[in-house]
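For reference, the structure is listed below as structure tokens.
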Amino acid sequence: MNDLSLDLTVQHTLALSPEQRACLLGHDPARPDAGSYRLRLAMTAADAAADLPAALQRYAASQPILAARWLQVAGFRGWRQALPNQGGAVRWVELDSTAPAITLGEDEVLAVSRRTLADGAVEVEFVAAALALDSPSLERLAADVLALAGGDTPLSSDVGYEHYVQWRQDMAADEDAAQGRAYWQHAQVDPAQGAALQLGLRGNPATAQAERLNVRRQLSGSQLRGAQALADGLGQPLDFVLQGLWWALLGRVSDQPSFVGGWLHDCRGDYDHFEHTLGVFEKILPLRVDLDPACRFADWLQQAEGRLGDHLGWQEYCPIEAPTSTAPLLAGFVFEQARLAPGQVLAYPNRPAFELLLHVRAWGETLHLNLEANGAAYSAAGLEVLLEQLCTLVVTLPADGHIALADLEPIGAGERERLLALAPSHPVSNGEWLPQLLARHARQTPHAMALSDGRQRLDYATLQQKVTRMAGWLQGQGVGVGQCVAIESERSLQGVLQVLAVLSAGAYYLPLEPAWPDERRHDLLTRAAPALVLCDPASSSAQGPWPSASLEQAQNDAELPFVPPTLSDHQLAYLLYTSGSTGVPKGVLIEHGALRNYAQAACTALGLEPGMRLALTSPLTVDLGHTLLFGAWQVGAELVIAAQDDLADGAAFRRFLLRERPDVAKFVPSHLAALLEGDAPLLPGTLILGGEATPRRLVEQLFAQAPTLRLFNHYGPTETSVGVLFHPLRADAPDRDDRVPLSRVLAGNRVYLLDEHLRLVPTGALGELYIGGAQLCRGYLGESNAERFVDDPFMPGQRLYRSGDLGRYRAEGGLQLVGRQDHQVKLRGQRIELGEVEAALLTLPGVDQAVARLWAPSEGAASLIAYVVLAQGVADDALPPLSTALAERLPDASCPTRLLVLPSLPRLSNGKVDRHALPDPGQLARRQPARAPTSELEASLRDAMAELLGCPPAALGVDDDFFDAGGHSLLVIKLLARLRTMFKLEVSPGVVFDHPSAAALAVALGELADPARLEKVARLRRELDSLSDQERAELLAKARAAKGLAAH
């Protein structure tokens, strides 16, 4: 730095500085001047009266950088720059209030506009080429021009940017260069190496850069004094303390102890020679942030200060123009001494190199915070929350910094109030229990329709008569208040009648599926010890040590008197078994008060009304259908029962909707998506989605098909009586994230997201969902409740259910679920505990080790895969019998679609199974080559199956079993829809189940239609699929022209 002489003898051009070359990253290589910065100011009366154009031109004449040109010179690689000895004229534009903002022309470095608004206010906007002026330079330029116009003489420098360029070239070749480059190679600052920050407040950014968002806040007097006291107590500069708080906050709300951020640093503050020079000096110094939760903030900041100091010492050798990775830095920090009064600045220059940037500006005795972000990835509400959390840390952190990073509390009073608003805990008003509701509807609206199944239709008077008769019969069998009655029935009108009769008799019911394995039904009945089992006489459930009877017996016996029982909120209504973490299903006991609260609150929230037709599409054994099953009786609506065949495929579903015209239906999203394959049906006016995460693409599909649809996302564990959270979706309210949120709590419930110490987690951070209120179950039948039910820290004496679901509070309100705390998963609406599946696998002879995992490919449906290690001497051909044996132990939903044999299970260093290292089922090597198609029909069927399975066509042989490869009933529905579209064939699901390979299915289809026609259609279809979009469009145009000519 002692020799600032300049050599411009080579073509009178200079190479670009590293900072300038970094500016070119992501820009059009043919337009080095394409990037620009904008600074918009509000003019004071004095500024508006001054002769700004003249001041601008005087100033520009003294700044050679404003006359810079970029060119390519023979013999040199890349762009070079010509910097003349003096400046030049700058374009000045006068605008009215309606004129568009100015843009830079080709080879233009700076342009300035003055706009007079309709109210007489005046704004001035400076637009500068990013390759000539960085943001601090543009702000300095604007301040100097205003000072010059006001009669002051701004500070200037005899050292131009060309001197800085020459000095940087010398530094690149000096004796410290090798050591400097080595420093950055070992700094572990590559975002692509697993440490890129992933904030929960961040959505999914669009591919194109969205508008930049800016949120500002000035630290209040007390906040500023607290920040300065903190810096003094820690013996650190204020800017280092604020930077440390920023990184600590991001680590806290992202749940990431390590990540890579970016420190935007202007080196003019480090070198007196360049302090007043205009040009491009800012550079991003990547910083690896490591946060040990147990470390005290003061100690961690001391370590960080040393790292920042090392970065400054080697900053000239940071490879900013050729980073080790093209992965973006998602968060950054910059601290500047402001040169313009913050109140005068209407819009600061944006720094698009970061998705999220905290910009701290010191102005006199004040600090101004500006949070800038990509609007495609962040919302204004999210930025407001982050700034609020940062300011909270400033004032709540002890002055000595002696607090563990894990104990930093960014939740202020305002945020705490918002979070607790999701826990209103106001129960619904006392009302009638279900038997009383039925009786009232029968009295008040006896001829209103109550229950139908496509074959018979009952009004409320008839329904009440049948329910009362059967309830009297149950009482005659000794069934009374507090006793259990097991009901083995498919979804049917008779099954619903039995449910209503059991409840009217004062007992509680346990639903069983006739298709369940005998062993499972026997186990559940043994533990429930029912007073009576209602089932088919031929069922194995009738063979146990418990009384049993058939529906026919109840209907044929002489009518017995019915005595209405005395009910209370704490009497049991039903018992449902859910998958258990120990491998044993858990029996959930739901009381009448909880069920009543749900029915009342859900009907109000979802807009269910008397006279509506509500479609029951779920089995009686899962509470997904309870929303409409009990909602119908709550409001006096009609329950329309869909038969099994009505939901077999898309065509049957459409016929059901056309025949019954339901107003409301509730579905598991994956099931509904499968039913929507093919021709679009006439949807009900209201749809409720629940049982699993709702994908955004399904929401978009539904609204595209029915723009006026009333659509709800609904959530709740069985332990909290069906559901506690919901979210009304709108066609005109797109979200930044693929996950559909849950924004509202049903009346009478409380929800919290808490950490492991039962503390509220800040907005954006990951927490476990805890639920309290009027809908909590009594507990588990015959089991301890201590693991899942804890004391409410916010309402002493009350209970909370620990759901195991993980989620984040949203800045826009409500929350978003993101996964499971344990290994529990949901598949097609059924909650499955992987431990139960694994426990069943380990009971099978020949299985030494077993683990299950849910696989969800990017294309195709999710499936449950089991990996087993076989005992020594057991051959792979034992798998088919194992699958059969497993089906006898588990319900269909919990049975893995594939059993894969591994020589050993991957394990972590602690000996636990590494589930993330389990091989992708689609990538496992085949034991024998896949047989290729021998006809166009086989090829078409193979391709359709492979697409649904989410695997390459070549990976699926025509003899491979569709179900062994991961297929299931929902994919069968989708496959049938494609067959209908491709071949105009109506094929029943049974054909696919009986002929599960492409080759076998081709033979079966040949028996349903002319094989030659099928082969011709398949060949034409494959030829059409092989065309490019342009070729397909040309072919379509020719076909339309030929059709028009024939018509003429």
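Out of everything in segment 41-73 that is small (G, A, S) and under 52 Å from the mean Cα position of the chain (by Cα), what residue ends up being farthest from Q169 (Cα to Cα)?
So, considering only residues that are small (G, A, S) and under 52 Å from the mean Cα position of the chain (by Cα), the one farthest from Q169 (Cα to Cα) is A45.
In this structure, is L500 part of a helix (DSSP H, G or I), at pLDDT 95 or above and surrounded by 23 or more Cβ atoms within 10 Å (Cβ to Cβ)?
yes
Every residue, every condition in (1) of a type in the set (S, T, Y); (2) farther than 26 Å from A15 by Cβ, yes or no:
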site	(1), (2)
F76	no, no
I102	no, yes
E108	no, no
V127	no, no
L131	no, no
D144	no, yes
T153	yes, yes
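Would you please name the residue that is surrounded by the fewest Cβ atoms within 10 Å (Cβ to Cβ), looking only at residues in segment 603-622 that are touching a Gly at 6+ places or on another chain (Cβ under 6 Å) and among the aliphatic types (A, V, I, L, M)?
L608
Based on this model, can you work out whether R491 counts as out of contact with any Asp or Glu (no Cβ under 8 Å at 6 or more places or on another chain) and not β-branched (V, I, T)?
Against the criterion (out of contact with any Asp or Glu (no Cβ under 8 Å at 6 or more places or on another chain) and not β-branched (V, I, T)), R491 qualifies.
Quick check on my filter: what residues within segment 50-59 are surrounded by fewer than 23 Cβ atoms within 10 Å (Cβ to Cβ) and part of a helix (DSSP H, G or I)?
L52, P53, A54, A55, Q57, R58, Y59
Please go through segment 658-699 and pick out each residue that is at pLDDT 95 or above and of a type in the set (V, I, T).
V664, T686, I688
Which residues, taken from segment 282-312, are surrounded by fewer than 17 Cβ atoms within 10 Å (Cβ to Cβ) and under 23 Å from S137 (Cα atoms)?
L312, the sole residue that qualifies.
Among the listed residues A147, A128, which satisfies the condition of being under 45 Å from the mean Cα position of the chain (by Cα) and outside any loop (DSSP other than H, G, I, E, B)?
A128
Anything in segment 940-960 that is out of contact with any Lys or Arg (no Cβ under 9 Å at 6 or more places or on another chain) and under 16 Å from S863 (Cα atoms)? List them, or say none.
Selection gives M945, A946, L949, G950, C951.
Within segment 970-996, how many residues turn out to be out of contact with any Asp or Glu (no Cβ under 6 Å at 6 or more places or on another chain), of a type outside the set (A, V, I, L, M) and either free of Cβ contacts under 8 Å to residues at least 60 places away in the same chain or in the same structural domain as S863 (by TED's automatic domain parsing) (or both)?
Total meeting the criteria: 6.
Where the second residue is surrounded by 19 or more Cβ atoms within 10 Å (Cβ to Cβ) and assigned to a helix (DSSP H, G or I) and the first is at pLDDT 80 or above and lies in segment 816-840, which pairs have Cβ atoms under 7 Å and are six or more apart or on separate chains?
V837/S894; A840/L886
Got at least one residue in segment 268-279 being assigned by TED's automatic domain parsing to the domain that holds R339, more than 30 Å from R69 (Cβ to Cβ) and not aliphatic (A, V, I, L, M)?
Keep residues of segment 268-279 that are assigned by TED's automatic domain parsing to the domain that holds R339, which gives 268-279.
Checking the rest, the ones that are also more than 30 Å from R69 (Cβ to Cβ) come to none.
Checked segment 268-279: no residue is assigned by TED's automatic domain parsing to the domain that holds R339, more than 30 Å from R69 (Cβ to Cβ) and not aliphatic (A, V, I, L, M).
For residues that are in a helix (DSSP H, G or I) and not β-branched (V, I, T), scanning just segment 60-85, find the one that is farthest from L117 (Cα to Cα).
First, the residues of segment 60-85 that are in a helix (DSSP H, G or I): 60-61, 64-67.
Going one step further and asking which of them are not β-branched (V, I, T), we end up with 60-61, 64, 66-67.
On the way: A60: 27, A61: 30, P64: 33, L66: 29, A67: 31 Å.
Only one residue fits best here, namely P64.
Filter segment 83-120 down to residues that are β-branched (V, I, T) and within 19 Å of L131 (Cβ to Cβ) and give me whichever is surrounded by the most Cβ atoms within 10 Å (Cβ to Cβ).
First, pick out the residues of segment 83-120 that are β-branched (V, I, T): 90, 93, 98, 102-103, 109, 112, 116.
Those still in the list that are within 19 Å of L131 (Cβ to Cβ) too: 90, 102-103, 109, 112.
Values: V90: 23, I102: 18, T103: 10, V109: 25, V112: 22.
Looking at the filtered set, the residue picked out is V109.
Restricting the first residue to segment 410-437 and requiring it to be among the β-branched types (V, I, T), which pairs with a second residue that is assigned to a helix (DSSP H, G or I) and surrounded by fewer than 16 Cβ atoms within 10 Å (Cβ to Cβ) meet a Cβ separation below 8 Å and a spacing of at least six or different chains?
V428/T604
Confirm whether G587 is crowded, with 20+ Cβ neighbours inside 10 Å, under 30 Å from V745 (Cα atoms) and touching a strand residue (DSSP E or B) at 6+ places or on another chain (Cβ under 6 Å).
So G587 fits the description; yes.
Got a sec? Which of L606, L657 is closer than 19 Å to N713 by Cβ and among the aliphatic types (A, V, I, L, M)?
Details: L657 fails: closer than 19 Å to N713 by Cβ.
After ruling out the rest, the residue left standing is L606.
Can you tell me which residue within segment 886-912, out of those that are assigned to a loop (DSSP other than H, G, I, E, B) and either within 21 Å of V584 (Cβ to Cβ) or touching a Gly at 6+ places or on another chain (Cβ under 9 Å) (or both), is modelled with the lowest pLDDT?
P891
I'm trying to understand the selection: among the residues of segment 963-990, which are out of contact with any Leu (no Cβ under 7 Å at 6 or more places or on another chain) and more than 23 Å from V668 (Cα to Cα)?
Here is the first cut: in segment 963-990, the residues out of contact with any Leu (no Cβ under 7 Å at 6 or more places or on another chain) are 963-964, 968-970, 972, 976-978, 980-982, 984, 986, 988, 990.
Hits for segment 963-990 are D964, R980, T981, M982, K984, E986.
When you scan segment 1018-1041, do you find a residue that is under 30 Å from H671 (Cβ atoms), loosely packed, with under 13 Cβ neighbours inside 10 Å, within 37 Å of the chain's Cα centre (by Cα) and not hydroxyl-bearing (S, T, Y), even just one?
Scanning segment 1018-1041, I find at least one residue that is under 30 Å from H671 (Cβ atoms), loosely packed, with under 13 Cβ neighbours inside 10 Å, within 37 Å of the chain's Cα centre (by Cα) and not hydroxyl-bearing (S, T, Y), so the answer is yes.
S62 passes all but one of (1) more than 24 Å from R212 (Cβ to Cβ); (2) free of Cβ contacts under 8 Å to residues at least 60 places away in the same chain; (3) of a type in the set (S, T, Y); which number fails?
If we test S62 against (1) more than 24 Å from R212 (Cβ to Cβ); (2) free of Cβ contacts under 8 Å to residues at least 60 places away in the same chain; (3) of a type in the set (S, T, Y), just (2) comes out false.
Give the residues of segment 991-1028 that are out of contact with any Leu (no Cβ under 9 Å at 6 or more places or on another chain), in a helix (DSSP H, G or I) and not charged (D, E, K, R), sorted by residue number.
Scanning segment 991-1028 gives F993, A1000, V1003, A1004, A1012, L1020, S1026.
In segment 20-47, how many residues are in a loop (DSSP other than H, G, I, E, B) and either of a type in the set (A, V, I, L, M, F, W, C) or at pLDDT 75 or above (or both)?
6
Within segment 246-264, is there a residue that is assigned to a helix (DSSP H, G or I), in contact with a Lys or Arg (Cβ under 7 Å, 6 or more places away or on another chain) and within 30 Å of I65 (Cα to Cα)? Talk me through it step by step, then tell me what you get.
Within segment 246-264, the subset assigned to a helix (DSSP H, G or I) is 246-254.
If we keep only those that are in contact with a Lys or Arg (Cβ under 7 Å, 6 or more places away or on another chain) too, we end up with none.
No, that holds for no residue.
Residue check: is G401 outside any strand (DSSP E or B) and either aromatic (F, W, Y) or at positive phi (or both)?
Values: outside any strand (DSSP E or B): yes; either aromatic (F, W, Y) or at positive phi (or both): yes.
So G401 passes the test.
The values are calculated or read from the model by the stated rules, or taken from the named source; none is laboratory data. Keep in mind the model is a prediction, meaning the values are calculated, not measured. So basically every Cβ, Gly included, is an ideal-geometry build from the backbone, and we count neighbours across all protein chains shown.
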